[in-house]
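J.: The structure follows.
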Amino acid sequence: PAVIIITGVSGNAISWSRFCLVFNSKTAELLSHHQVEIKQSFPKEGWVEEDPREILQSVYECMERTCEKLTQLNIDISNIKAIGVTNQRETTLVWDKETGEPLYNAIVWLDLRTQSTVERLINKTPGRNKNHLKHKTGLPISTYFSAVKLRWLMDNVDEVHEAILSHRAMFGTIDSWLIWCLTGGKKGGVHCTDVTNASRTMLFNIHTMDWDPELCSYFGIPMEILPRVRSSSEIYGLMVSFCLGDQSAALVGQMCFQDGHAKNTYGTGCFLLRNTGSKPVMSDHGLLTTVAYKLGRDKPACYALEGSVAIAGAVVRWLKDNLGIIDGSEELEKLAASVGTSYGCYFVPAFSGLYAPYWEPSARGIICGLTQFTNRSHLAFAALEAVCFQTREILDAMNQDSGIPLNQLQVDGGMTSNRLLMQLQADILCIPVVKPSMPETTALGAAMAAGAAEGVSVWSLSPEDLSEVTSEKFEPQINPEGQTWLPLYSETSIFSSVPLGFYILGSMLMLIGAKYISGHVHVIPHHAIVT
């Protein structure tokens, strides 16, 4: 069978890993895969880095081991028709095009070191407006995105500054680094990215679908170091045929090709994307407008509304590594199931600030409602509730922006193996949650787009040709008329919803505390307080 090999990175509840997966392009069957865990370093509080050399080596190892497994299955590796790449979108690095060496570690999307850079940039906007660039980028000025990470590297790393002055520097997210290396590196490697990754830099105009000179000037970034922007499904070079940011790949893998279709990925963070069709929809409720995909050089771009949550599965790792109260994600589910309630304990895990819909990088986490009766099982349940409540906030904002309530949510990612979490999510959202039998939809979406690229053409994306995916549906077990979780944007106060009210109150206290500590006291946005 014709097969596609995919390399990517994924963060699950416990670890960060590099994957290689091989799919049958006719049936979407997963034929073989291999996984290598990669290290992250935390040099200072709020700093998160990865070694680009280790990232590249892990990709080579994954590919080699996967091919060995294919051979053991008597599958001829010459049947592999294309290689696709999927990646975490905002992780940023700069390398030397003459030596091929990285000039600094990759700065991971969760990293908070650029908080002062963000404040300086916001201060020079009219009215100190963090949404000053949103009309072009669809994004607020935030530590989350690549441009501020690149600006920090230029300001603080001498090797980067010198390489830019001598015209040796190349900037990219992880996809660009891997594609450049896999297609030859310093001996003619292709320096490119796709529209989904470019749209997360704050340097890309989502209307013109290209780098924007005014945006680059605003951040003081020379355009010569930027990769060429390509579609998400075309042949880039002799080695790689496709690239797609991880959340866009999951949207494709979930086959959310129609306006109004949505998926939520539960990995290190939580990422809810809703397809909005061929026109970008600007959010009035704290969401991002992003490029969903462009499946061919001559095909139109498709856009999405996105709600990004920084900490989801990462809270499990925190409970394991920092508090030492669990050994892994399976124990978390057992502990939470043993009590079936948080017993009034509420957990807002803003370890990297609050992302959508607040966009407050200085916020920090809070656990409240503790009594002498509270134990680790209640805290485990509160951690799962935290993931669900954050998703509920995003979904309510998305329903408000689109004007059409979502009637079911498609889910994927490592945390979806937690059945208690999935049932709790359905109860809190009051809509069905649908989980595919194969949760690695990010890799599947990358394979689909790679196989559909012109010149490869072994995977059809026509609706009638798509393989039917088996799934499990979690129905809400709470009567909607008598439910305790009321919509954030209904005419009823959120504080009549006891669990959600406490959760939002915790978020508000964090926001107020963050502003007080930083010396900037502002009114909390209306939508964060009342409905």
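The values are calculated or read from the model by the stated rules, or taken from the named source; none is laboratory data. The model shown is predicted, which means the values in this text are computed figures rather than measured ones. Cβ coordinates were reconstructed from backbone atoms using ideal geometry, including for glycine residues, and neighbour counts include every protein chain displayed. Each accessible area value is taken on the protein alone, full model and side chains, heavy atoms only, with ligands, DNA and RNA left out. Shrake-Rupley method; radii C 1.70, N 1.55, O 1.52, S 1.80 Å.
J.: Modelled with pLDDT of 85 or more and closer than 22 Å to residue 142 by Cα: which single residue out of 260, 269, 245 fits that description? Walk me through how you get there before you give the answer.
T.: Values: 260 fails: closer than 22 Å to residue 142 by Cα; 245 fails: modelled with pLDDT of 85 or more.
Among 260, 269, 245, only 269 is modelled with pLDDT of 85 or more and closer than 22 Å to residue 142 by Cα.
J.: If you don't mind, another one. Residue 160 fails exactly one of the following numbered conditions: (1) open to solvent by 60 Å² or more (accessible area, probe 1.4 Å); (2) farther than 27 Å from residue 271 by Cα; (3) in a helix (DSSP H, G or I). What is the number of that condition?
T.: The failed condition is (1).
J.: Is it true that residue 420 is over 30 Å from residue 338 (Cβ atoms), modelled with pLDDT of 70 or more, open to solvent by 30 Å² or more (accessible area, probe 1.4 Å) and among the aliphatic types (A, V, I, L, M)?
T.: Details: over 30 Å from residue 338 (Cβ atoms): no; modelled with pLDDT of 70 or more: yes; open to solvent by 30 Å² or more (accessible area, probe 1.4 Å): yes; among the aliphatic types (A, V, I, L, M): yes.
Criteria not met by residue 420.
J.: Could you say whether any residue in the stretch 437-446 is closer than 27 Å to residue 340 by Cα, over 19 Å from the mean Cα position of the chain (by Cα) and either in contact (Cβ under 8 Å) with a residue 40 or more places away in the chain or part of a loop (DSSP other than H, G, I, E, B) (or both)?
T.: Just the residues of the stretch 437-446 that are closer than 27 Å to residue 340 by Cα, to begin with: 437, 439.
Those left that are additionally over 19 Å from the mean Cα position of the chain (by Cα): 437.
Pick out the ones that are also either in contact (Cβ under 8 Å) with a residue 40 or more places away in the chain or part of a loop (DSSP other than H, G, I, E, B) (or both) and you get 437.
Scanning the stretch 437-446, I find at least one residue that is closer than 27 Å to residue 340 by Cα, over 19 Å from the mean Cα position of the chain (by Cα) and either in contact (Cβ under 8 Å) with a residue 40 or more places away in the chain or part of a loop (DSSP other than H, G, I, E, B) (or both), so the answer is yes.
J.: Same structure again: Within the stretch 370-400, work out how many residues are open to solvent by 30 Å² or more (accessible area, probe 1.4 Å) and either farther than 19 Å from residue 311 by Cβ or under 20 Å from the mean Cα position of the chain (by Cα) (or both). First the steps, then the outcome.
T.: Taking the stretch 370-400 and keeping what is open to solvent by 30 Å² or more (accessible area, probe 1.4 Å), we get 370-376, 399-400.
Applying the additional criterion that residues be either farther than 19 Å from residue 311 by Cβ or under 20 Å from the mean Cα position of the chain (by Cα) (or both) yields 370-375, 399-400.
Adding up the residues that qualify gives 8.
J.: Continuing with this model, one more query. Is there a residue in the stretch 349-369 that is over 26 Å from residue 115 (Cα atoms) and of a type in the set (A, V, I, L, M)? Give the derivation first.
T.: At the first step, the residues of the stretch 349-369 found to be over 26 Å from residue 115 (Cα atoms) are 368-369.
Checking the rest, the ones that are also of a type in the set (A, V, I, L, M) come to none.
For the stretch 349-369, residues over 26 Å from residue 115 (Cα atoms) and of a type in the set (A, V, I, L, M): absent.
J.: Only one of these is modelled with pLDDT under 75 and buried (at least 18 other Cβ atoms within 10 Å of the Cβ): 466, 486. Name it.
T.: On the way: 466 fails: buried (at least 18 other Cβ atoms within 10 Å of the Cβ).
The unique qualifying residue is 486.
J.: Could you please let me know if residue 134 is out of contact with any His (no Cβ under 6 Å at 6 or more places or on another chain), open to solvent by 10 Å² or more (accessible area, probe 1.4 Å) and over 18 Å from residue 232 (Cβ atoms)?
T.: Numbers: out of contact with any His (no Cβ under 6 Å at 6 or more places or on another chain): yes; open to solvent by 10 Å² or more (accessible area, probe 1.4 Å): yes; over 18 Å from residue 232 (Cβ atoms): yes.
Taking the combined requirement at face value, the residue satisfies it.
J.: Right, another one. Look at residue 349 and say whether it is under 22 Å from the mean Cα position of the chain (by Cα) and without any contact (Cβ under 8 Å) to a residue 40 or more places away in the chain.
T.: On the way: under 22 Å from the mean Cα position of the chain (by Cα): yes; without any contact (Cβ under 8 Å) to a residue 40 or more places away in the chain: yes.
When the stated conditions are applied, residue 349 passes them.
J.: For residue 114, state whether it is farther than 28 Å from residue 445 by Cα and of a type outside the set (A, V, I, L, M, F, W, C). Explain how you work it out, then say what you get.
T.: Details: farther than 28 Å from residue 445 by Cα: yes; of a type outside the set (A, V, I, L, M, F, W, C): yes.
Considered against the rule, which asks whether it is farther than 28 Å from residue 445 by Cα and of a type outside the set (A, V, I, L, M, F, W, C), residue 114 comes out as yes.
J.: If you don't mind, there's one more thing I want to ask. Across the stretch 47-66, what is the total count of residues that are open to solvent by less than 30 Å² (accessible area, probe 1.4 Å) and over 15 Å from residue 105 (Cα atoms)?
T.: Residues in the stretch 47-66 being open to solvent by less than 30 Å² (accessible area, probe 1.4 Å) and over 15 Å from residue 105 (Cα atoms): 5 in total.
J.: Which ranges mark the strands (runs of 3 or more DSSP E) fully within the stretch 179-274 that have 1 or more residues being under 30 Å from residue 348 (Cα atoms) and not acidic (Asp, Glu)?
T.: Values: elements: 192-194, 228-230, 242-245, 262-266.
Where strands (runs of 3 or more DSSP E) fall fully within the stretch 179-274 and carry at least 1 residues being under 30 Å from residue 348 (Cα atoms) and not acidic (Asp, Glu), they are 242-245, 262-266.
J.: Failed condition for residue 364, given (1) outside any loop (DSSP other than H, G, I, E, B); (2) within 30 Å of residue 120 (Cβ to Cβ), with all others met?
T.: In the conditions (1) outside any loop (DSSP other than H, G, I, E, B); (2) within 30 Å of residue 120 (Cβ to Cβ), residue 364 misses (1) alone.
J.: Here's a follow-up. Say whether the condition of being assigned to a loop (DSSP other than H, G, I, E, B), open to solvent by less than 60 Å² (accessible area, probe 1.4 Å), small (Gly, Ala, Ser) and in contact with a Ser or Thr (Cβ under 7 Å, 6 or more places away or on another chain) is met by at least one residue in the stretch 106-121.
T.: Among the residues of the stretch 106-121, not one is assigned to a loop (DSSP other than H, G, I, E, B), open to solvent by less than 60 Å² (accessible area, probe 1.4 Å), small (Gly, Ala, Ser) and in contact with a Ser or Thr (Cβ under 7 Å, 6 or more places away or on another chain), which makes the answer no.
J.: For the stretch 282-299, indicate whether the set of residues that are modelled with pLDDT under 90, within 30 Å of residue 81 (Cα to Cα), aromatic (Phe, Trp, Tyr) and buried (at least 24 other Cβ atoms within 10 Å of the Cβ) is non-empty.
T.: Yes - at least one qualifying residue is present in the stretch 282-299.
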